[in-house]
Amino acid sequence: TATQKKPSGSFLALGVGSALLALCLVIFFFPHAAKALIQNSLSKTSGLPVKIDQIQFSLTRPRFLIKDLEFSNGKGFPAAPLAHMGEIRVHYLPPATIGGWFELKKVEVDFQEFRLVRNEAGSLNLPVPRPLPARGETIDELVLNLGSVTYTDLSGGQPVQQTFDLKLDKAVYRKVKGIPGIFEILNWEILKRTGVEEKSSPPPPEIKAVAESQ
């Protein structure tokens with residue numbers, strides 16, 4: 001009897017490559033829909049207004065670039081930007097099947113500014129990450145670049161402002177629990193490096209990631 005042959009690696013690679021090309025073509029022809037989808041996802045996760053200027057997908061490699069991503073403050077804080085990221089570079093593996101999940105291999109985030117604010121009630125405007133769904137993704141490697149953070153305290157009679165240099169230059173974290181995990185790390189690093197205290201100090205991120213300055 002004839003033996004059954006297993007699919008070859010080249011066949012699987014061709015299938016993954018075809019899926020990636022199809023995805024990129026859809027995004028190429030419907031860029032506004034792709035941008036709106038990512039904006040809505042980030043806004044839902046962070047609970048904050050999100051605005052993206054541009055998204056660029058590669059037709060030859062599994063990666064995309066987000067340019068000029070901005071988070072604005074939520075309710076109870078000044079109507080102003082919270083954080084502005086010049087570029088976010090995302091490397092991923094496309095899903096093996098239609099409707100499957102992307103595997104995020106590497107995410108690099110370049111901050112241009114971060115405005116930490118304590119309002120009149122004494123609360124900080126740090127984003128509170130939403131819990132991950134049951135099939136939440138893990139980011140293999142996160143690279144953060146964040147220097148200057150401006151802190152404004154509105155809880156006293158007169159506003160008080162300070163500027164801190166966090167010195168997060170290509171800080172690397174591994175096995176990060178998706179987008180909520182990025183917020184957890186960001187919040188923890190900002191509070192630790194500025195010395196600003198919350199009413200109730202948050203626990204360290206559950207991930208066992210350590211910043212590696214390169």
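Karplus-derived 3J(HN,Hα) values for the stretch 42-52, using 6.51 cos²θ - 1.76 cosθ + 1.60 with θ = phi - 60°, are 5, 5, 5, 5, 8, x, 10, x, 10, 9, 10 Hz; glycine and proline are entered as x. Peptides 171-178, 149-156 ranked from most to least packed by the mean count of surrounding Cβ atoms within 10 Å: 171-178, 149-156.
Readers should treat all values here as calculations from the given coordinates under stated rules, not as data from a laboratory. None of these values were measured; they are calculated from a predicted model. Using ideal geometry, Cβ is built from the backbone for each residue, glycine included, and neighbour counts are taken over all protein chains shown.
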